[in-house]
Amino acid sequence: MKEIVIDVGIENTTVALLEDKELTELYVEKHNNQSIVSNIYKGRVENVLPGMQAAFVNIGIDKNVFLYVKDAIPNTYIGEEEESEYVDKYKNVSINDFLKVGQEIVVQVVKEPISTKGARVTTHITLPGRFVVLMPTVEYTGISRRIEDEQERERLKALATKYKAENMGVIIRTAAKDCSEEEIREDIIFLSKLWEDIKIRQQNGPVPRIIHKDINIVYRTARDMFTNDIDKFVINDKDEYDKILQVVGLLSKDLVKKVEYFDKAYEIFEFYDIKSKINKVLTRKVWLKSGGYLIIDQTEALTVVDVNTGKFVGTIDLKDTVLKTNVEAAREIAKQLRLRDIGGIIIIDFIDMHEKQHEEVVLDVLKNSLKKDRTKSNVLGITHLGLVEMTRKKVRQRVDSVFMSDCPHCNGEGKILAGVEK
């Protein structure tokens with residue numbers, strides 16, 4: 001059973017996805033500091049740095065945003081399978097070929113500011129709808145990899161090609177599986193009109209300025225997560241509930257029946273036992289059911305996960321104990337990465353395995369468990385030191401950074417001087 005539970009609080013709106021009562025995804029947005037990811041701005045190029053193959057653009061926020069050469073090349077779409085072709089074709093180009101200081105440029109935020117790093121932007125605009133993502137600046141047609149049926153993929157690709165405008169791209173989303181031709185057509189028409197409005201708004205006005213703001217977290221959840229496999233959508237704010245009914249009513253009458261207003265006298269997250277689950281997300285030690293545990297530590301450059309047998313001593317022999325612990329850990333790590341929204345480089349130190357077959361089993365379990373994650377990840381394999389290297393797309397700050405701040409006494413070190421004067 002899958003449930004979406006939304007707590008609209010005084011300061012934050014928090015979205016929780018439950019699968020069989022277990023918390024699997026968590027998103028938080030502060031009312032006074034909403035995410036800028038997917039917002040579109042008209043900015044001005046402040047610096048062009050050939051040595052970094054990048055530019056910094058002023059879009060009117062606190063810190064200039066970062067634009068890499070790959071994201072500045074016009075009318076170019078690079079799919080995963082074309083990455084090597086991209087390297088060969090553009091390795092000798094210079095950012096100076098595309099951008100000049102003072103140039104006005106339309107960009108979209110693809111990664112919000114994280115820690116000391118500013119936001120990252122692209123000139124390759126994407127406009128997400130319910131069933132498709134419109135890419136008005138590139139020529140491309142793609143289908144979600146989660147739609148595996150070849151006949152359905154061909155049907156959807158034909159519909160996308162039929163209704164998209166020339167010189168525009170479309171990606172069919174997972175939610176489009178088994179949807180009607182009319183639903184695809186209406187989605188593309190709506191997004192095409194939205195793009196026309198954005199083009200009009202970018203023509204006149206001061207620079208820098210915002211020209212398109214993405215919808216808030218409640219409506220993004222309805223658009224991106226509320227699919228037919230969700231059994232219940234619960235929210236505790238009456239105004240938002242009424243608006244959601246209107247929005248969902250345009251999408252599917254079947255989904256409307258699943259929307260509920262939570263009007264009880266106590267907190268919605270306490271009722272669904274989500275509060276206690278969030279507290280566990282904020283700890284660095286995660287216990288496994290067998291008695292083993294994970295230690296999750298973050299550095300500026302990467303996240304490290306250490307696997308330990310803990311209280312689990314097994315019943316057969318050491319090899320069996322290690323394999324069982326690592327398999328259980330692989331499933332839990334995939335869950336924790338998704339739940340904590342950990343992105344970037346991730347290093348996993350599984351308990352040493354001396355049989356190649358056991359290593360392959362653990363890697364397969366990790367890869368299969370990551371398939372449930374809507375965020376793209378890539379498991380690179382095991383190094384000579386026995387460490388698993390992987391990456392996960394980083395778009396926003398980790399969940400714990402929203403709920404927690406550095407201790408004023410230890411400055412985030414986790415330790416303070418003992419017996420020595422500061």
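If I take every Cα pair under 8 Å that is 6 or more residues apart in the range 103-203, average their sequence separation and divide by the length, what percent do I get for the relative contact order?
On the way: 145 pairs, mean separation 27.9, N = 101.
In percent, rounded to a whole number, it is 28.
Please calculate the 1.4 Å probe accessible area of His124, with all protein chains present, and give it to the nearest 10 Å².
40 Å²
Given the protein chains as shown and a 1.4 Å probe, how many square angstrom of Arg284 are accessible, to the nearest 10?
130 Å²
For the range 1-75, take N as its residue count and report Rg(C-alpha) divided by 2.2 N^0.38 Å.
Details: Rg = 18.6 Å, N = 75, 2.2 N^0.38 = 11.3 Å.
Compactness ratio reported: 1.64.
Semi-axes of the equivalent ellipsoid of the range 99-161: what are they in whole Å, largest first, if each equals the square root of 5 times a C-alpha gyration tensor eigenvalue? All intermediate terms of the calculation are to be shown ahead of the outcome.
Numbers: eigenvalues 203, 51, 14 Å².
The three semi-axes for the range 99-161 are 32, 16, 8 Å.
Mind giving me the nanometre distance, one decimal, between the label points for Phe271 and Ala158, set 7 Å out from Cα along Cα→Cβ?
Rounded to a tenth, the inter-label distance reads 4.7 nm.
Under 11 Å from the 7 Å Cα→Cβ point of Thr375, by amide nitrogen: which residues of the range 344-369?
Output list for this probe position: 344-345.
Averaged over all directions, how much area does the convex hull of the C-alpha atoms of the range 185-281 cover when projected, in nm²? Display every interim value, and only then the final one.
Numbers: hull surface 38.1 nm².
Across all orientations, the range 185-281 yields a mean hull projection of 9.5 nm².
Assuming 1.567 mPa s and 4 °C, estimate D for the range 92-201 with Stokes-Einstein, Rh taken as the Kirkwood radius over Cα pairs, in µm²/s. Walk me through the numbers before you get to the answer.
Details: Rh = 15.7 Å.
After rounding, the answer is 83 µm²/s.
Which one of Pro408, Pro136, Pro206 has the biggest mean-square fluctuation once the chain is modelled by GNM with Cα springs under 10 Å?
Comparing Pro408, Pro136, Pro206 in a Gaussian network model of the chain, the most mobile one is Pro408.
Over the Cα atoms of the range 273-422, compute the convex hull volume and normalise it per residue, giving Å³.
Details: hull volume 23.9 nm³, N = 150.
That works out to 159 Å³ per residue.
Please report, in whole Å, how far the alpha carbons of the range 283-345 spread along each principal axis, starting with the longest.
On the principal axes, the range 283-345 reaches 40, 18, 18 Å in Cα extent.
Under the definition of Cα pairs under 8 Å and six or more residues apart, what whole-number percent is the relative contact order of the range 182-284? Could the numbers behind the result be given before it?
Details: 47 pairs, mean separation 20.0, N = 103.
Answer for the range 182-284 is 19 percent.
Can you pull the Kirkwood radius for the range 211-330, inverse mean 1/r over Cα pairs, to one decimal in Å? Display every interim value, and only then the final one.
Working: mean 1/r = 0.0546 Å⁻¹.
For the range 211-330, inverting the mean 1/r across all distinct Cα pairs yields 18.3 Å.
Tell me what the chain gives for mean residue ellipticity at 222 nm when only DSSP H runs of n ≥ 4 count, each as -39,500 (n - 2.57), the sum divided by the residue total, rounded to 500 deg cm²/dmol. Provide the component values of the computation, followed by the final result.
On the way: 12 runs with 127 residues, N = 422.
The per-residue figure over the chain is -9000 deg cm²/dmol.
Given the whole protein assembly as supplied and a 1.4 Å probe, what does the accessible area of Leu26 come to in Å², nearest 10?
The value for Leu26 is about 0 Å².
Of the listed values (i) 72, 51, 44; (ii) 68, 56, 54; (iii) 66, 55, 38, grab the one calculated as Cα extents along the principal axes in Å from the structure here.
Label of the calculated value: (ii).
List, largest first, the extents of the alpha carbons of the range 315-401 along their principal axes, each in whole Å.
43, 27, 22
Roughly how many Å is it from the Cα centre of the range 214-231 to that of the range 361-422, as a whole number?
Each part's Cα centre sits 26 Å from the other's.
Report relative contact order for the range 213-342 in percent, whole number only (criteria: Cα-Cα under 8 Å, sequence separation at least 6). Present the calculation step by step, with values, prior to reporting the outcome.
Working: 113 pairs, mean separation 18.7, N = 130.
Here the relative contact order equals 14 percent.
Determine by what factor the alpha-carbon radius of gyration of the range 252-317 differs from 2.2 N^0.38 Å, reporting the quotient.
Scaled against compact globular proteins, the figure is 1.79.
Give me the tail of P(r) for the range 114-260 as a percent: Cα-Cα pairs with distance above 23 Å.
Details: 4885 of 10731 pairs.
In whole percent, the long-distance tail amounts to 46.
Could you work out how much longer the chain between Gln151 and Asp242 gets when fully extended? Use 0.36 nm per residue separation minus the Cα distance between them, nm to one decimal.
Details: separation 91, 0.36 × 91 = 32.76 nm, distance 3.83 nm.
Extra length from Gln151 to Asp242 when fully extended: 28.9 nm.
So which residue, out of Leu49, Leu67, Leu127, gets the largest mean-square fluctuation from a GNM of the chain using Cα contacts under 10 Å as springs?
It is Leu49.
As an exercise, use a Förster radius of 22 Å and the Cβ-Cβ distance of Asn92 and Ala165 to find the FRET efficiency, rounded to the nearest 0.05.
Approximately 0.10, to the nearest 0.05.
Once you charge only the Cβ atoms, +1 for Lys and Arg and -1 for Asp and Glu, what is the size of the charge dipole of the range 314-392 about its Cα centre, to the nearest 20 debye?
On the way: 13 positive and 13 negative charges, 121 e Å.
Here the size comes out at about 580 debye.
Which entries in the list Lys335/Lys367; Lys275/Lys324; Lys111/Lys394 go over 19 Å, if you measure between the two C-alpha atoms of each? Don't skip to the end; give the middle numbers.
Working: Lys335/Lys367 12 Å; Lys275/Lys324 30 Å; Lys111/Lys394 7 Å.
Check vs 19 Å cut-off fails for Lys275/Lys324.
Restricting to DSSP loop positions (anything but H, G, I, E, B) with no more than 16 other Cβ atoms inside 10 Å of their own Cβ, which GluC sites (Glu not before Pro) remain in the range 151-243? Let's see the in-between values first.
Working: sites: Glu152, Glu154, Glu166, Glu181, Glu182, Glu183, Glu186, Glu196, Glu240; in loops: Glu166.
For GluC sites (Glu not before Pro) across the range 151-243 that sit outside H, G, I, E and B with at most 16 neighbouring Cβ atoms in 10 Å, the list reads Glu166.
Give the separation of the Cα centroids, the range 319-356 to the range 126-178, in Å.
About 34 Å separates the Cα centre of the range 319-356 from the one of the range 126-178.
If the elastic network links every pair of Cα atoms under 10 Å, which of Gly381, Gly43, Gly412 fluctuates the most in the Gaussian network model of the chain?
Greatest mean-square fluctuation among the candidates belongs to Gly412.
Kindly express, to the nearest 10 degrees and within the range 0 to 90, the angle between helix 238-251's C-alpha long axis and the longest C-alpha principal axis of the chain.
70 degrees
Within 10 Å of each candidate Cβ there may be at most 10 other Cβ atoms; applying that plus a DSSP loop requirement, which GluC sites (Glu not before Pro) in the range 1-64 survive?
Working: sites: Glu3, Glu11, Glu19, Glu22, Glu25, Glu29, Glu46; in loops: Glu11.
For GluC sites (Glu not before Pro) across the range 1-64 that sit outside H, G, I, E and B with at most 10 neighbouring Cβ atoms in 10 Å, the list reads Glu11.
Principal axes first, then extents: for the Cα atoms of the range 227-273, list largest minus smallest coordinate on each axis, whole Å, largest first.
Sorted from largest, the Cα extents of the range 227-273 read 31, 24, 11 Å.
Just how large is the dipole of the chain about the Cα centre, in debye to the nearest 20, putting +1 at every Lys and Arg Cβ and -1 at every Asp and Glu Cβ? Each step should come with its number before you reach the end.
On the way: 64 positive and 69 negative charges, 148 e Å.
It comes to approximately 720 debye.
The values are calculated or read from the model by the stated rules, or taken from the named source; none is laboratory data. Predicted, not measured: the structure shown is a model, and the values here were computed from it. Note that each Cβ is placed from the backbone with ideal geometry, even for glycine, and that neighbours are counted across all protein chains shown. Ligands, DNA and RNA are excluded from the accessible area calculation, which covers all protein heavy atoms including side chains. Shrake-Rupley method; radii C 1.70, N 1.55, O 1.52, S 1.80 Å.
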